[in-house]
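Q: The structure is given below, and queries will be raised subsequently.
What follows draws every value from the coordinates through simple rules; no lab data is involved. Fair warning: this is a prediction, and the values are worked out from it, not measured in the lab. A quick note on method: Cβ atoms are made from the backbone with ideal geometry, for glycine too, and the neighbour counts reach across all protein chains shown.
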Amino acid sequence: MIGPDRPVAVVWSPPIKRFMSLGWISGAYNRRAPYTYDELAFDPERGQWENWYPEGKDWGPKFGLCKPPGWKDRELFKDVEGNIRPNWPDYYWLLGAANNCAYLPETGTFLFYIHGHTFRYDPLRRTWKDLAAAGGPQNSTPLKSQLFWGSICYDEARQQLVLFGGGNADTERGDPGTWLYTPATNTWRECPLDHQPPPRANSQLVYDPVHQKVILFGGDQLDQTIADTWVFDGRQWTQEKPAVSPSPRAGHALMWLPKARKVLLLGGYTVSSTVEYTSYPYKRLPLEAWVYDEGADAWQLIKRFEPAKDSPASPRFRVLKAAVDGDDQIALVDEERKLWLCRIDVASPDAEGRAKFGVKPGTVDRRTGPYDPEWYRQDIPLSNPAQVKADLDSLPANKWVLRPTPKRPAPNMDWGSAVFSPELDLILRFSGGHSAYSGTAPQVYDVKTDRYSIPVAPELPIDWCFSNDQVPGEWSFQGNPWMTGHTYKATGYDSRLKCLVFGPHNYTYFFDPVAGKWNRNTQLNPYRPSFYTTTLVSTRTGLIAWAFARNGSAGLWRLNADERIWQALPVKGELLDPVVDNSGVAYDVRRDRLLFFVRNDKSGCRMAAYDFASSAVNTVMADGNDKVTGSDRDKLNFREAVYLAKDDLVMIGATGYLYDCEKNAWLRSIFGSDDPPITKEGSYNIGVMYDPNRNLTWGVNTNSQVFVLKFDAKSAHLEAVK
C-alpha cells in the first residue's frame with residue numbers, strides 16, 4: 001500500500017535508480033491523521049515505499065506513517081513552517097492533472113504543470129520549486145479556469161515540453177490546444193496550428209526518441225471515448241492510419257520501452273451507460289498491453305490480462321499510474337494502491353488477440369440508452385397529439401395526474417427546477433449535479449406529444465460526476481455549460497429569445513430547443529456566480545435574476561434580450577436575501593410585481609414585494625405567514641413559487657399551500673396524486689410550472705416523470721392557514 005489515497009504520478013527516477021510516487025490526492029480536507037509522506041521511493045530490497053523526506057527533516061520513520069507540517073489558509077506551495085512543497089491533500093482537484101508530469105534527463109528532475117504553475121521536483125536533492133514560468137495555457141485565458149485531464153511530455157530532440165489535451169479551458173475548443181515550454185528560458189508559448197487533434201481528456205503523451213516524435217492515442221471526449229493515433233514532430237500534428245488499433249479508451253498509460261524501443265500502452269477505461277444513482281458512467285477495460293511502432297505505423301497486442309486476484313485492474317475512470325525503468329521493468333499502482341512489477345515480452349505479439357480485440361482506427365465508444373438522442377425515438381408508438389389533447393381536456397380537477405410517457409431520461413435529476421415555454425409548448429429542464437445527473441444536455445418534453453428528447457449526447461465531466469461539488473470552470477469541449485453542484489432555481493425562460501436560460505456561472509448560457517444548441521453571452525454576469533442563490537423568474541418585460549452582487553448585497557437584474565446582457569434594476573428599500581433552496585420568487589402579472597418568499601429560521605415565511613413601476617420594496621404581512629410550515633418532518637421550502645394567472649394565486653410546489661394575492665392570505669388544500677405521489681416531493685426536488693395556454697400546472701419529479709394538475713379553486717376545498 002502507498003499513502004492514504006491515489007498517487008498523482010508514478011515515475012522512474014534514474015538519478016536515484018528507484019520508482020517513485022510523487023504526491024497523492026485525497027477527498028478529505030487537509031490532513032487529520034498520520035500518513036505516509038507525499039513523496040515516496042520504492043526500496044526493492046525491503047519491498048516497501050520509503051518516505052522521501054526533504055533533507056534534514058525528521059517527520060517520522062523512513063518507512064510507515066509520518067506527520068509532516070500541515071498547511072494554513074490553503075496555501076498551494078508552502079506549509080506552516082515555510083517548507084516549499086505542494087499542498088496535495090487540500091487541492092484534491094489536482095487529480096485531473098495526473099498526466100501533467102515529465103522527466104528532464106538533462107537535469108534529472110521532474111516538471112509538473114498544475115493549477116497554472118510549473119513545478120520542478122529534484123529527487124536527488126529532494127526539493128520542490130515553483131519555477132514561476134512566464135505564460136502558460138491556464139494563465140492565458142480570461143478566467144484562468146483550472147486545466148484538467150491534460151498531458152505533458154518532454155521532447156528531448158528539441159528540449160521542450162509539449163502539452164496537449166485536457167478540458168475546462170475557457171477557449172472556443174474548451175481545451176488549451178498545443179503548448180510548448182522551454183526550460184532554458186522558463187517560458188510557455190502557444191503553438192498556433194490550423195490542424196491538431198480534436199479535444200480530449202485523460203490521454204497521455206509519450207516521446208519516441210527513435211523517431212523523435214510525440215505520440216498520442218485515444219482519450220475521453222466526455223461524450224465518447226475514441227481510438228485514434230496522432231504524432232507531433234515539433235511543428236505539426238499528423239493523424240496516423242494503422243491497420244488495427246486498440247479499442248477506444250482513456251486513462252491508459254503510455255510509456256517508452258528503452259530496450260524494446262517501442263511505445264507501450266497499458267489499460268484504460270471507457271464509457272458505460274449506467275443510470276444508477278451515484279454510479280459513475282464509466283467502466284474498466286481489461287488490462288491489455290499494446291505496443292506501437294511509429295516507423296511501421298503498427299499496433300500489436302502483446303497480452304490481454306484476464307481479471308484475476310493475481311493481476312492489477314485498469315482504473316474505473318481515472319488515469320492508470322505506471323512507469324518503466326531503464327531495463328523495461330514496469331511498475332504499476334492499481335486502484336487499491338497496490339504496487340505491481342512486471343516485464344512484458346514485446347517480441348511475442350498475440351496476432352489472434354489483435355484481430356479479436358483490435359478495431360479500426362477512429363472507432364468511438366458512445367453511451368447508449370437515455371444518453372443517446374436516438375434512443376428516445378426508437379421502439380415507441382407514434383405520438384397522437386389529438387389523443388393527448390383529449391386527455392388533457394378531460395383531466396379530473398385538483399389531482400396530479402401522471403402522464404404515460406413511453407420513454408424518459410433515466411438518470412436521477414435531483415435538486416433542480418424546470419421551465420415552461422408557452423410559445424413552443426415545451427418543458428425544458430437542466431437539473432442535477434452533486435450525486436445526480438452531471439451531463440451538459442438539457443431534457444426537452446413536448447406537451448403536445450407526451451414525448452421526451454435530448455438534443456445531443458451529454459458530455460460528462462469525469463471526476464465531477466456524482467461529486468460533492470461542481471467543476472470549477474465554465475464550459476465543455478462543445479461549449480456547453482458544466483452542470484453546477486445543483487441547479488436549484490438557476491434556470492429560467494425568456495419568451496423573447498424562446499430559450500432556456502442558465503445563469504449561475506460567470507457567463508449566461510442560452511439553450512435554444514429548436515436549434516438544439518447552447519450558446520453563451522460574452523459579458524461577465526454582474527452578479528455573484530452561485531448556483532445556490534441565483535434565482536431566475538420570467539416577467540412580461542423580460543427575465544429577472546434575483547441574486548447577490550459580486551461584492552455586495554442582494555439585487556435585481558433584467559436580461560436585455562437584444563444584447564444578451566444583464567442590466568441592474570433600481571431598488572428602493574432592502575431586498576430579502578435569496579437562501580439556498582429555502583426561498584422563491586413569483587411574478588404577479590396583475591400587479592406587475594415580484595413576490596419574494598423566504599423561509600424563517602424556525603418556521604413560517606417572510607415575504608416582500610418589488611413593484612416595477614416604483615422600484616420600491618415593501619414587506620408583505622400576509623395572514624398565515626407564521627403558520628406556513630409544512631410537515632413535522634420537512635419544513636416547507638419556497639423555491640417552486642408559481643403564479644397561477646387565472647386564479648391570482650401563488651402555488652408553492654406540490655405542497656398544497658397557496659398564497660392569495662388579492663386577500664393577502666395563505667390558503668391550503670390537499671391534492672391527490674397518481675403513484676408515485678408528486679406531493680411527497682413537496683417543493684424542493686421537482687420543477688413546477690404554469691401553462692397559460694391550457695390553464696394547467698405541470699410538475700416534473702427527480703426521475704423525469706411528468707405530472708399535470710387541473711386546478712379548480714371552487715372545488716379545491718381551500719382553507720385559511722391558521
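Q: If only Cα atoms are counted, what is the Rg of the stretch 392-534, and what is its Dmax, in Å?
A: 15.4, 48
Q: Further question on the same structure: Please rank 106, 45, fewest neighbouring Cβ atoms within 10 Å first, as an exposure proxy. Please report the intermediate quantities before stating the final value.
A: Details: 106 10, 45 5.
Fewest to most other Cβ atoms nearby, the residues stand as 45, 106.
Q: Can you compute the label reach from residue 141? Point 7 Å from Cα along the Cβ direction, backbone N cut-off under 17 Å, restricted to the stretch 439-465.
A: Within reach of a label on residue 141: 440, 459-464.
Q: Test of understanding: ordering 130, 379, 660 by Cβ neighbours within 10 Å, fewest first, what list do you get?
A: 379, 130, 660
Q: Also, I was wondering about something else. Divide by every residue of the chain the summed helix terms, -39500 (n - 2.57) for each DSSP H run of at least 4, and state the resulting mean residue ellipticity at 222 nm, rounded to the nearest 500 deg cm²/dmol.
A: Here the helix-only value at 222 nm equals -500 deg cm²/dmol.
Q: Expressed as a whole percent, how much of the Cα-Cα distance distribution for the chain exceeds 45 Å?
A: Details: 80683 of 260281 pairs.
Considering the chain, 31 percent of its Cα-Cα pairs are separated by more than 45 Å.
Q: Still on this structure, please answer the following. At 7 Å along Cα-to-Cβ for each site, give me the label-to-label distance between residue 611 and residue 184 in nm.
A: Roughly 7.5 nm, to one decimal.
Q: Relative contact order for the stretch 227-268: what is it in percent, counting Cα pairs under 8 Å that are at least 6 residues apart?
A: Here the relative contact order equals 29 percent.
Q: Within a 10 angstrom radius of the beta carbon, how do 486, 717, 434 rank from fewest other beta carbons to most?
A: Lowest to highest Cβ neighbour count: 717, 434, 486.
Q: Enter the Cα centre distance for the pair the stretch 486-538 and the stretch 141-179, rounded to the nearest angstrom.
A: 28 Å
Q: Which aspartates and glutamates does residue 407 reach when only Cα atoms under 16 Å apart count, and residues fewer than 8 places away in its own chain are ignored?
A: 372, 374, 379, 446, 450
Q: Hey, quick one: spin label on residue 74, modelled 7 Å out along Cα-Cβ, who in the stretch 126-150 has an amide N within reach, i.e. under 16 Å?
A: In the stretch 126-150, the label zone of residue 74 (backbone N under 16 Å from the point 7 Å along Cα→Cβ) covers 144-147.
Q: In addition: Using a basic spin-label model with each label point 7 Å from the Cα along Cα→Cβ, how many nm lie between residue 65 and residue 45?
A: 2.7 nm
Q: Next question. Give me P(r) over the stretch 576-722, computed from all C-alpha to C-alpha distances, binned every 5 Å, as integer percentages.
A: Bins of 5 Å from zero give 2, 10, 20, 24, 22, 14, 6, 2, 0, 0 percent of pairs.
Q: Related question: Find, among the trypsin sites (Lys or Arg not before Pro) in the stretch 589-664, those assigned to loop by DSSP (not H, G, I, E, B) with at most 13 other beta-carbon atoms within 10 angstrom.
A: 590, 602, 633, 646, 663
Q: Please state the equivalent ellipsoid semi-axes for the stretch 29-173: what are the square roots of 5 times the Cα gyration tensor eigenvalues, largest first, in whole Å?
A: Values: eigenvalues 158, 76, 37 Å².
Values for the stretch 29-173, descending: 28, 20, 14 Å.
Q: Same structure, new question: Quick one: of 144/489; 517/710; 57/338; 78/144; 213/338; 489/663, which pairs are farther than 24 Å apart, Cα to Cα?
A: Distance filter (> 24 Å) returns 144/489; 517/710; 57/338; 213/338; 489/663.
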